[in-house]
Amino acid sequence: MRAILLLLIASFILTAAAEETTVYKRVRPDGTVEFSDEPTPGGRVIEVPGIQTYSFEPPPPPAPPQRKSESVPPAEVRYQRIQVTAPAADETVYFDANGMPVSVVVKPELQPGHVISLYLDGQRAARGSSASFTLQDVYRGTHTLTAVVEDGRGTTLLRSAPVTFHMVQHTRRP
């Protein structure tokens, strides 16, 4: 019986809190506790914090899938030549803190979606859609530079002949 009474009281308080009403509590001389939403003689106001609510907003409907262009892809371009023109083969290059300029020639010109990758000593050093690059952190010694034309999937379409050059880096003596 006591559990039912406590359950009723709790539901009353929760209902009152949900409606943001004032709740009054009165203890009778026999020790029983009485809750009410109306002022009662000998009762005191109970501060019941408002119930935390959350209003659910459904997410917007997913955007319709974009259809790929149904046009026929252009015929695969056959590049005739790619060549590293700067630095020249067996050239001595002096270290510059701003980087080392590299120029590449591609015939026919680079097509949209294709890129040029530069490999310095077998490691990719730069990638882009321009035929001019500036490589950073090329230090003294003999290096090999190769340029590669790649399609959008990263497939190699044409590779240049390797160009060997020599980087000279001056040291400051005390």
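The values are calculated or read from the model by the stated rules, or taken from the named source; none is laboratory data. Every value quoted in this text rests on a predicted model; they were computed, and no experiment measured them. FYI the Cβ positions are ideal-geometry reconstructions off the backbone, even for glycines, and counts take in every protein chain you see.
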Discussion item. Pull out all pairs, ordered by first then second residue, where Cβ-Cβ is under 8 Å, the residues are six or more apart or on different chains, the first lies in the range 35-62 and is under 16 Å from Tyr24 (Cβ atoms), and the second is acidic (Asp, Glu) and modelled with pLDDT of 70 or more.
Written reply: Thr40/Glu34; Gly43/Glu34
Item to complete: Assess whether Gly141 counts as being farther than 20 Å from Ala88 by Cβ and out of contact with any Lys or Arg (no Cβ under 6 Å at 6 or more places or on another chain).
Response: no
Item to complete: Give the residues of the range 94-128 that are under 26 Å from the mean Cα position of the chain (by Cα) and touching a residue at least 40 places away in the same chain (Cβ under 8 Å), sorted by residue number.
Response: His114
Worksheet entry | Criterion: at negative phi, modelled with pLDDT under 90 and not hydroxyl-bearing (Ser, Thr, Tyr) - qualifying residue of Arg127, Arg140 | Arg140
Discussion item. Between Gln111, Gln80, which is within 15 Å of Gly154 (Cα to Cα) and among the polar types (S, T, N, Q)?
Written reply: Gln111
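Yes/no matrix, rows are residues, columns are (1) surrounded by fewer than 17 Cβ atoms within 10 Å (Cβ to Cβ); (2) assigned to a loop (DSSP other than H, G, I, E, B); (3) in the same structural domain as Thr85 (by TED's automatic domain parsing); (4) hydroxyl-bearing (Ser, Thr, Tyr):
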residue	(1), (2), (3), (4)
Gly113	yes, yes, yes, no
Arg124	yes, no, yes, no
Thr134	yes, no, yes, yes
Tyr139	yes, yes, yes, yes
Leu145	no, no, yes, no
Worksheet item: Is it true that Thr134 is without any contact (Cβ under 8 Å) to a residue 40 or more places away in the chain, under 16 Å from Thr85 (Cα atoms) and either in contact with a strand residue (DSSP E or B) (Cβ under 7 Å, 6 or more places away or on another chain) or aromatic (Phe, Trp, Tyr) (or both)?
Response: yes
Item to complete: State whether one or more residues within the range 152-164 are exposed (fewer than 15 other Cβ atoms within 10 Å of the Cβ) and touching a Pro at 6+ places or on another chain (Cβ under 6 Å).
Response: no
